[in-house]
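Chemist: Here you go, one structure.
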Amino acid sequence: MAKESSHAVRAGLHRVVVIVDENSNPFELGCATEVFGLPRPELGRDLYDFRLCAAEPSTVMRDGFFTLTGVAELEEADEADTLIVPNRPDVEVPRRPVVLDAIRRAHARGARLIGFCSGAFTMAEAGVLDGRRATAHWQWADSFRTRFPSVRLEPDVLFVDDGDILTAAGSAAALDLGLHVVRRDYGAEIANAVSRRLVFAAHRDGGQRQFVERPMPNLPDESLAPVLDWANERLDSPLTVAALAARAAVSPATLHRRFQAQLGTTPLRWLTGERLALACRLIERGETRFEVVARRSGLGTAANLRALMRRETGVTPSAYQRRFGPEAK
């Protein structure tokens, strides 16, 4: 009866269920809980109905660090709108058949599936990744390709959004993918609020590289932070790569190298991503004139705004407005 009451209290919310299996990694479980499971009093509403489930009453976590008890039975996965599949440190150890069956059932009925890090191996074992795009941690790319040749592996990106199946590369990329999902479900403004509470970067594009040559610069004056802050304050200006390079007092070629080394992307791609994120926030805040949105975000014209939004988010500005604008809230 208590279980039914809990369900009733959170009725109507998108239900996210995490399967916890033996030797699951606690970090990814923590990422899922932080993004999808916490109350959101700062927003005045909760975003998701979050549950944990497992095949057994007690589950030994990675390397025996601790044992997890008191979570729902595996059947809870059959009620998930989004199902997060279990990962594990040893990718050669198969998942239990009951867990793979739960994933297959969720996929068959149209639930969204998410795999963090080695979770891609779990989904591939279940057969739901055949012919689909996915990513996995770079150190397991060769093993993954050998075992699952029918999966279209993209080994050098943070995460892959293939519609109803999403995968993140490494542990920290679980947060990137989680925030991407919140952005997809609730818009950029809500995702930014969640990222602020996490004290985490609001947006790293999924196409950025997993491994950057030098995540922390050796010399303080090589940090991109000052030029990034400067550019973010001037997104409505006609910024160019040359202008960014001039501000950083380096050549465009050097700027490109620093962006690749520190951010795993190019200056132009970063700039376009920041402008598109600003455009989304403007629409969410109620700006209905798309030519104004395009101008204030530095995207130039409404036509360019439409083309970029369709390419990057899969929807038009009008569709985004209907879904995330003030009237939709």
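Quick note: the coordinates plus some simple rules give every number you see, no bench work behind them. A quick note: this is a predicted structure, and the numbers were derived from the prediction, not measured. All Cβ positions, glycine included, derive from the backbone under ideal geometry; neighbour counts span all protein chains shown.
Chemist: Kirkwood hydrodynamic radius for the range 66-138: how many Å is it when counted over pairs of different Cα atoms? Present the calculation step by step, with values, prior to reporting the outcome.
Modeler: Working: mean 1/r = 0.0781 Å⁻¹.
Value: 12.8 Å, from the Cα pair sum.
Chemist: Enter the mean projected area of the convex hull around the alpha-carbon atoms of the range 214-329, in nm², rounded to one decimal. Before the final figure, lay out each step's value.
Modeler: Values: hull surface 30.3 nm².
That works out to 7.6 nm², a quarter of the Cα hull's surface.
Chemist: Moving on to the next point. Can you pull the percent of Cα pairs in the range 10-123 with separation above 26 Å? Spell out each step's value before the answer.
Modeler: Numbers: 921 of 6441 pairs.
Cα-Cα pairs in the range 10-123 separated by more than 26 Å: 14 percent.
Chemist: Among Leu68, Val182, Gly110, whose Cα sits farthest toward the positive end of the charge dipole of the range 2-198 (+1 at Cβ of Lys/Arg, -1 at Cβ of Asp/Glu, about the Cα centre)?
Modeler: Of the listed residues, the answer is Val182.
Chemist: I've got another one for you. Please identify, among Val93, Val85, Val241, the residue showing maximal mean-square fluctuation in a Gaussian network model of the chain using a 10 angstrom Cα cutoff.
Modeler: Residue with maximal mean-square fluctuation among Val93, Val85, Val241: Val93.
Chemist: Enumerate the amide H contacts of Asp49 below 5 Å, restricted to partners 5 or more residues apart or on another chain; note that Pro and chain-start residues carry no placed amide H.
Modeler: Here His14, Arg15, Val16 satisfy the definition.
Chemist: For the range 214-329, build the charge dipole from Cβ charges (+1 Lys, Arg; -1 Asp, Glu) around the Cα centre, then report which of Thr316, Trp270, Ala243 sits farthest towards its positive end.
Modeler: The Cα lying farthest towards the positive end belongs to Thr316.
Chemist: Just flag the trypsin sites (Lys or Arg not before Pro) in the range 77-114 sitting in loop per DSSP whose Cβ has no more than 11 other Cβ atoms within 10 Å. Could the numbers behind the result be given before it?
Modeler: Working: sites: Arg95, Arg104, Arg105, Arg109, Arg112; in loops: Arg95, Arg109.
Hits after loop and neighbour filter: Arg109.
Chemist: Between Val157, Val182, Val98, find the one with the highest GNM mean-square fluctuation for the chain; connect C-alpha pairs within less than 10 Å.
Modeler: Looking only at Val157, Val182, Val98, the biggest GNM fluctuation is shown by Val98.
Chemist: Could you run the Karplus curve 6.51 cos²θ - 1.76 cosθ + 1.60 with θ = phi - 60° over the range 113-124 and give me ³J(HN,Hα) per residue in whole Hz, x for Gly and Pro?
Modeler: These are the phi-based 3J(HN,Hα) values: 10, 10, x, 9, 6, 6, x, 4, 5, 5, 5, 5 Hz.
Chemist: State the dimensionless ratio Rg/Rh of the chain (Rg: radius of gyration of Cα atoms; Rh: Kirkwood radius).
Modeler: On the way: Rg = 20.9 Å, Rh = 21.2 Å.
The Rg/Rh ratio comes out at 0.99.
Chemist: Ok, one more. Residue by residue, what Karplus-based ³J(HN,Hα) values in Hz, rounded to whole numbers, does the range 190-195 have, using 6.51, -1.76 and 1.60 with θ = phi - 60° and x for Gly and Pro?
Modeler: Residue by residue, the range 190-195 yields 5, 4, 5, 5, 5, 5 Hz.
Chemist: Here is a further query. For the chain, what is the calculated [θ] at 222 nm in deg cm²/dmol (nearest 500), taking -39500 (n - 2.57) for each run of four or more DSSP H residues and dividing by its residue count? The partial results should precede the final answer.
Modeler: Values: 14 runs with 139 residues, N = 329.
Dividing the helical sum by the residues of the chain leaves -12500 deg cm²/dmol.
Chemist: Okay, next question. Roughly speaking, what % of Cα-Cα pairs in the range 2-198 are separated by over 26 Å, rounded to a whole number? Display every interim value, and only then the final one.
Modeler: On the way: 5321 of 19306 pairs.
Within the range 2-198, distances greater than 26 Å cover 28 percent of Cα pairs.
Chemist: Residue by residue through the range 281-287, what is 3J(HN,Hα) from phi via Karplus (6.51 cos²θ - 1.76 cosθ + 1.60, θ = phi - 60°)? Round to whole Hz and write x for glycine and proline.
Modeler: Once rounded to whole Hz, the list reads 5, 4, 5, 5, 7, x, 6.
Chemist: Next question, about the same structure. Pull up all non-local amide H partners of Ser118: gap of 5 or more, or a different chain, and H-to-H distance under 5 Å with H placed in the peptide plane.
Modeler: Close amide H contacts, sequence-distant or interchain: Arg88.
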